Amino acid sequence: MADTAPPRRLGLILAVIVYIVDQAVKYAVIGPLALPHIRNIDILPFFDLTWVENYGVSMGFLTASSNGMRWALVGLTAAISLAVLAWMWRERSRADVLALGLVLGGALGNITDRTRFGYVVDYADLHFGEWRPFLVFNVSDAAITIGVVILLARALLVRDGKKSAEDDDA
């Protein structure tokens, strides 16, 4: 008999993998590489490790300028994470569940940072000369971005193959 259960287990596994990889890389950046003290390590002509303490969310919005705001951001991102988990739990599309797993794992990684340090640890600095297509980011940020792009692309470009009621009437 075919397994008809939703693929939520895959999403949860992916979320855990993203979280572990994110926290392991941040451990390496903070500890053995001592990036908070060195501030910058040139890796490739287009990629550096650059220490950034991110007190806000995407692109500097909602900057936590006080301890109360820090915990409000933790609460807000935790609420969003719970909404993502609930969506993932009900979702039947494997691709959407995996995208939601990326978002959930990334959100949990950044929540952990904000809880432990009061800021999110960012370090990945992609650049082409002086042009930087992104702000300095981390594994969690990349996972969230990729997950959201997949969800948007699927919502805008992928049809589920079911005939709509209007098609039936035509």
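The values are calculated or read from the model by the stated rules, or taken from the named source; none is laboratory data. This one's a predicted model, so the numbers in the text were calculated from it and none came from an experiment. Virtual Cβ from ideal backbone geometry, glycine too; neighbours counted across all protein chains shown. Please note that ligands, DNA and RNA were not included when accessible areas were found on the heavy atoms of the full protein model with its side chains. Shrake-Rupley method; radii C 1.70, N 1.55, O 1.52, S 1.80 Å.
Summary table below
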quantity	calculated
Condition check for Val52: at negative phi and modelled with pLDDT of 90 or more	yes
Residues located in region 134-153, provided they are hydroxyl-bearing (Ser, Thr, Tyr), open to solvent by 30 Å² or more (accessible area, probe 1.4 Å) and within 7 Å of Gly106 (Cβ to Cβ)	none
Unmet criterion (only one of (1) touching a residue at least 12 places away in the same chain (Cβ under 8 Å); (2) farther than 15 Å from Val25 by Cα; (3) charged (D, E, K, R)) for Asp125	(2)
Some residue of region 34-55 being in a helix (DSSP H, G or I), surrounded by 13 or more Cβ atoms within 10 Å (Cβ to Cβ) and out of contact with any Ser or Thr (no Cβ under 9 Å at 6 or more places or on another chain)	yes
Members of region 60-71 that are assigned to a helix (DSSP H, G or I) and either farther than 22 Å from Leu135 by Cβ or not hydrophobic (A, V, I, L, M, F, W, C) (or both)	Gly60, Asn67, Gly68, Arg70, Trp71
Any hit, region 92-104, residues being open to solvent by less than 30 Å² (accessible area, probe 1.4 Å), closer than 30 Å to Glu130 by Cα and in contact with a strand residue (DSSP E or B) (Cβ under 9 Å, 6 or more places away or on another chain)	no
Subset of region 1-33 [acidic (Asp, Glu) and either modelled with pLDDT of 95 or more or not in a loop (DSSP other than H, G, I, E, B) (or both)]	Asp22
Residue, least open to solvent (accessible area, probe 1.4 Å), within region 105-133, restricted to residues that are in contact with a Ser or Thr (Cβ under 6 Å, 6 or more places away or on another chain) and not small (Gly, Ala, Ser)	Asp125
